[in-house]
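Below is one structure, written out as structure tokens; the observations come after it.
The values are calculated or read from the model by the stated rules, or taken from the named source; none is laboratory data. Treat the numbers as computed from the prediction; the structure is a model and nothing was measured. So basically every Cβ, Gly included, is an ideal-geometry build from the backbone, and we count neighbours across all protein chains shown.
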Amino acid sequence: SPLSSLDKDGFIPLYYQIQQVLIEQIQTGKLLVGDCLPSEYELARSYQVSRMTARQALHNLKSRGYALSQKGRGTYVTRPKLEKNIMYLRGFTEDMKQRGMMPSSRLLAQTVLSAKGVLTEQLRVEEGSAILQLRRLRIADGTPMALEESNIPLKHYPGLERTDFTSESLYKVLRNKYGVRAAWADEVLEASPATLEESELLSIPKNAIMLSISRVIMRTDEIPIEAACSRYYGNRYRASIRVPTTT
Ligand code: GLP
């Protein structure tokens, strides 16, 4: 019974214990995506805790991406957000495989264009220099996660444009064929509403909140590898980082 499952004299906060019980029920499939969670009132009653404690447990489930609240529907289980640790420079394919998910892509465009404007600065090339541009819908276990635009300076990676990126991992090709090793990246994270095209391609609501991650990724010899922008649906993805101290 719920009552006996809480340790009321220990050091573990009650809201945390309740939250963990619910997470376990989600992870073991006792609660499925779409199922309603008990209300604040029901939790408080069945665990003999205050409404505040019950609210905190539900709040944490929502902020960790396990649940959502909707007027008239209560709080229900959602597919947990994927959390990307942005300290690591993994590519999409590698990242999804590490989670035991099946990565795939839909290639929307693969074109060679000439560099101009901000791209020339980001990629450190002259105006008119050849750039390979990829636009891909990135998919994990069948669910579209992100729309991604990659710009790669062909000057440093000649012949790359002949790769068939319908199935190939960009980072794998760069590593295996060109011996590229990434050293660091400048990243900017930004929130903005989905465009109409994005909401259609990702099958998400109009104006849904997107998390944009723009990066310029560099080799150890300070030669740019890629200037990219990945646009993730905010309800499916979140970013985390371990912040080092500066002292
Ligand atoms: C991540 C990066 C992109 C990069 C991609 C490569 O999503 N944010 O900048 O283009 O990985 O992924 P893959 O190696 O699967 O092509």
Residue among 160, 137, 154 that is surrounded by 13 or more Cβ atoms within 10 Å (Cβ to Cβ), under 19 Å from the mean Cα position of the chain (by Cα) and at pLDDT 95 or above: 137
Test for residue 172: is it among the charged types (D, E, K, R), in a helix (DSSP H, G or I) and surrounded by fewer than 16 Cβ atoms within 10 Å (Cβ to Cβ): yes
The range 64-85, subset more than 18 Å from the chain's Cα centre (by Cα) and among the small types (Gly, Ala, Ser), residue surrounded by the fewest Cβ atoms within 10 Å (Cβ to Cβ): 72
The range 221-231 - residue that is of a type in the set (A, V, I, L, M) and assigned to a strand (DSSP E or B) and, of those, nearest to the ligand (Cβ to nearest atom): 228
Report yes if residue 34 is free of Cβ contacts under 8 Å to residues at least 40 places away in the same chain and surrounded by fewer than 17 Cβ atoms within 10 Å (Cβ to Cβ), otherwise no. no
Qualifying residue in the range 86-97 (condition: charged (D, E, K, R), surrounded by fewer than 19 Cβ atoms within 10 Å (Cβ to Cβ) and closer than 19 Å to residue 33 by Cα): no
Would you be able to say whether some residue in the range 232-246 is modelled with pLDDT under 95 and more than 22 Å from the chain's Cα centre (by Cα)? yes
In this structure, is residue 132 hydrophobic (A, V, I, L, M, F, W, C), more than 21 Å from residue 241 (Cβ to Cβ), assigned to a strand (DSSP E or B) and touching a residue at least 12 places away in the same chain (Cβ under 8 Å)? yes
Pairs with Cβ under 7 Å, 6+ apart, first in the range 78-95 and under 23 Å from residue 243 (Cβ atoms) and basic (Lys, Arg), second within 13 Å of the ligand (Cβ to nearest atom) and part of a strand (DSSP E or B): 81/237; 84/237; 84/239
Which ones in the range 172-182 are under 18 Å from residue 122 (Cβ atoms) and modelled with pLDDT of 90 or more? 174, 180
Could you please tell me which pairs satisfy a Cβ distance under 9 Å, a separation of 6+ or placement on different chains, a first residue in the range 151-169 that is free of Cβ contacts under 8 Å to residues at least 24 places away in the same chain and small (Gly, Ala, Ser), and a second residue that is part of a strand (DSSP E or B) and within 15 Å of the ligand (Cβ to nearest atom)? none
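Go over the candidates 61, 22 one by one and state the one that is modelled with pLDDT of 90 or more, assigned to a helix (DSSP H, G or I) and surrounded by 13 or more Cβ atoms within 10 Å (Cβ to Cβ).
Result: 22 is the single residue among 61, 22 that is modelled with pLDDT of 90 or more, assigned to a helix (DSSP H, G or I) and surrounded by 13 or more Cβ atoms within 10 Å (Cβ to Cβ).
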For the range 178-215, name all the residues that are more than 16 Å from the ligand (Cβ to nearest atom), in contact (Cβ under 8 Å) with a residue 24 or more places away in the chain and in a strand (DSSP E or B). 191, 209
List the number of the failed condition for residue 218; all other conditions in (1) within 11 Å of the ligand (Cβ to nearest atom); (2) assigned to a strand (DSSP E or B); (3) under 22 Å from residue 112 (Cα atoms); (4) out of contact with any Leu (no Cβ under 9 Å at 6 or more places or on another chain) hold. (1)
Could you tell me whether any residue of the range 110-132 is more than 30 Å from residue 34 (Cβ to Cβ), near the ligand (Cβ under 10 Å from one of its atoms) and touching a helix residue (DSSP H, G or I) at 6+ places or on another chain (Cβ under 8 Å)? no
When restricted to 107, 137, 147, the only residue within 13 Å of the ligand (Cβ to nearest atom), in a strand (DSSP E or B) and without any contact (Cβ under 8 Å) to a residue 60 or more places away in the chain is 107
